[in-house]
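The values are calculated or read from the model by the stated rules, or taken from the named source; none is laboratory data. The structure displayed is predicted, hence computed values, not measured ones. A quick note on method: Cβ atoms are made from the backbone with ideal geometry, for glycine too, and the neighbour counts reach across all protein chains shown.
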Amino acid sequence: MNKPPQNIKTEQDKGDAIPFGALFILVIGAFMAILDTSIVNVALPRMMTVFGSNTEDMQWVLTGYMLTSGVIIPITGFLSDRFGHKRMYIFSIIAFTIGSAFCGMAWSANSLIIARVIQALGGGMIIPISMSMIYRIIPREKIGMALGIWGISAVMAPAVGPTLGGYLVDNFSWHWIFTINIPIGIAAVFLSINYLQETPVQHNIKADIPGVMLSVVACFALLLALSDGQDKGWTSQYIVTLFIISGFTTMAFVMWELSIPNPLIDIRLLKNPVLVASLVGTSLSTIALFSVVFLIPIYAQNMLGYSPMETGLLMMPMAFVTGFMMPISGRLFDKFGAFGLCLFGMTLVVGVTYHLHTLTLETDYRYLQFLLCLRAMGLGLSTMPLTTAGMNTIPKFLVGRATALNNTVRQVSASMGIAYLTYVLVQRQAYHSAVLSENVTLSAPMTGIVKMQMEGQLAGQGIMGSAAEQGTLQILSGMVTGQSFMNALSDTFVVSTIIIAMVLPLTFLLSKKRVEAERKRQERLYAHMLESN
């Protein structure tokens, strides 16, 4: 059993004020790490041309970062407890900055992938460590406000990334999407050294080597399967083997962690019903966030013809609305608890997400921005309270392990959500394409009328005969493809709505009274277990 360190002194002991300077330093790191998961996307075509690489090779620039950060997250709790949160936070910023410098100096696709792995070693640790430090240095009664401010980075960075990346690539070069991190990272390191205080270090805990190995294999296999499933085929031997490996190693990891006194991740935490409800709600809300971040750019660029920059500007107000709502929801959480905020916020998200299934090829740019902002308001109100309610029931000396668990769940759910929504989109597009193709035949009366009108228009442009007929058929085929995609997009938003709606019943487990009662129960439980040992 993890034992609490003796003589704990944190900034909480010095008064009730929020240390905004330290909080700002933690926000800087979190924003950089999350931003780099999305800023690279728009630069991939340019880098493919520069390096002469194909899509499959260049995709590892994204996949390598995701896999490495996902694998490193589970062990951050132990590293922070063993070496100190401040020391590990500084190390993670340095690793991320060095990785960014190597990315900017990359001379080939392979060198860029290796540099991204180095960058991800730091980026994967920054998020859970910074969140854990907030629980260490902020008074519990003001944790909602602090996490609301910190959470701005978590929701704004994915939306800001494509816009900023597009601007840097169009006006400067692809190198800038990496080198821009260097001065920010150096500043963050110096600020951390001078203004962050070290947390208690638990010198007596031993490394759970088998747990580390099992968690690395389980996370790597699962995330790789989710990343490659659509391309390789979900029923292919390669993907099925990865899922089997992940499943068996996960079971072995759970059994091992339950059998040792100092586990890498304390599985016993899942006996806490409030924490379980919080983790499930967090994973579903993560899917809610990425459903729009993933689907709307495809719709805007492929169907409405917007450029990457226009698409980024379309989504930018959404990010600002969420960022604006985060501190407000944190302040309200500290006063009223999570239940009301989560119920109202997620109900709003469910309603707007369902309405998105009515999008058409004629949907107005400003109207779509309004819908996304309305949805962002709901996410901004509910996202952090969902996480914070569960974390508030955890004894302080276990916060590092709990945040590692929370962020592992968040990473896996984001990958799983994108993979599943991609599967739904592709399958439903194939279905609708087949249905429409059956109805749009040359023998159908309406097809004949439309064909004659198109041939007439082409004739007016000097295109006649077989060329006109061939052009008409291509236009009809394009219309079928476009309409089948829109129908599939509509179905995917309906599926996303159902997934998000599952958060609503969980909110009833997150009332302020229930959270407080569970926190006291957990403190008594762990105190009794420690006395027994």
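Out of curiosity, is Phe344 surrounded by fewer than 16 Cβ atoms within 10 Å (Cβ to Cβ) and modelled with pLDDT of 90 or more? For Phe344, the condition - surrounded by fewer than 16 Cβ atoms within 10 Å (Cβ to Cβ) and modelled with pLDDT of 90 or more - is met. Could you tell me whether Ile394 is part of a helix (DSSP H, G or I), of a type in the set (Val, Ile, Thr) and over 21 Å from the mean Cα position of the chain (by Cα)? The answer is no for Ile394. Looking across the stretch 397-433, the residues that are within 21 Å of the chain's Cα centre (by Cα) and of a type in the set (Phe, Trp, Tyr) come down to Tyr420, Tyr423.
Being basic (Lys, Arg) and within 22 Å of the chain's Cα centre (by Cα) is the filter here, so list the residues in the stretch 357-382 that pass it.
Narrowing the stretch 357-382 to residues basic (Lys, Arg): 366, 375.
Across the stretch 357-382, the qualifying residue is only Arg375.
Remark: pairs (first residue in the stretch 228-240, under 17 Å from Leu421 (Cα atoms); second residue of a type in the set (Phe, Trp, Tyr); Cβ separation under 8 Å; 6+ apart in sequence or on different chains) = Asp228/Tyr238; Gly229/Tyr423; Gln230/Tyr423; Lys232/Tyr238; Trp234/Tyr423.
Condition check for Gly144 on (1) farther than 27 Å from Cys342 by Cα; (2) buried (at least 22 other Cβ atoms within 10 Å of the Cβ): one failure, at (1). Do we have any residue at all in the stretch 134-148 that's closer than 20 Å to Phe333 by Cβ, part of a helix (DSSP H, G or I), touching a Ser or Thr at 6+ places or on another chain (Cβ under 8 Å) and of a type in the set (Lys, Arg)? Within the stretch 134-148 (the criterion being closer than 20 Å to Phe333 by Cβ, part of a helix (DSSP H, G or I), touching a Ser or Thr at 6+ places or on another chain (Cβ under 8 Å) and of a type in the set (Lys, Arg)), the answer is yes, since at least one residue qualifies. Just one of the numbered conditions (1) free of Cβ contacts under 8 Å to residues at least 12 places away in the same chain; (2) closer than 20 Å to Val321 by Cβ; (3) not charged (D, E, K, R) is not true of Ile149: (1). Screening Leu264 against (1) in contact with a Gly (Cβ under 6 Å, 6 or more places away or on another chain); (2) part of a helix (DSSP H, G or I) leaves a single unmet condition, (2). Any residue at all in the stretch 420-437 that's over 20 Å from Met303 (Cβ atoms) and at pLDDT 80 or above? Among the residues of the stretch 420-437, at least one is over 20 Å from Met303 (Cβ atoms) and at pLDDT 80 or above, which makes the answer yes.
What do you reckon, is Val217 of a type outside the set (Asp, Glu), assigned to a helix (DSSP H, G or I) and farther than 27 Å from Gln59 by Cα? For Val217, the condition - of a type outside the set (Asp, Glu), assigned to a helix (DSSP H, G or I) and farther than 27 Å from Gln59 by Cα - is not met. The number of residues in the stretch 295-305 that are more than 13 Å from Pro158 (Cβ to Cβ) and touching a Pro at 6+ places or on another chain (Cβ under 9 Å) comes to 1. The sole residue among Lys206, Lys232 that is of a type in the set (Lys, Arg), modelled with pLDDT under 90 and within 27 Å of the chain's Cα centre (by Cα) is Lys232. In the stretch 240-249, the condition of being out of contact with any helix residue (DSSP H, G or I) (no Cβ under 8 Å at 6 or more places or on another chain), surrounded by fewer than 21 Cβ atoms within 10 Å (Cβ to Cβ) and in the same structural domain as Gln411 (by TED's automatic domain parsing) is met by no residue.
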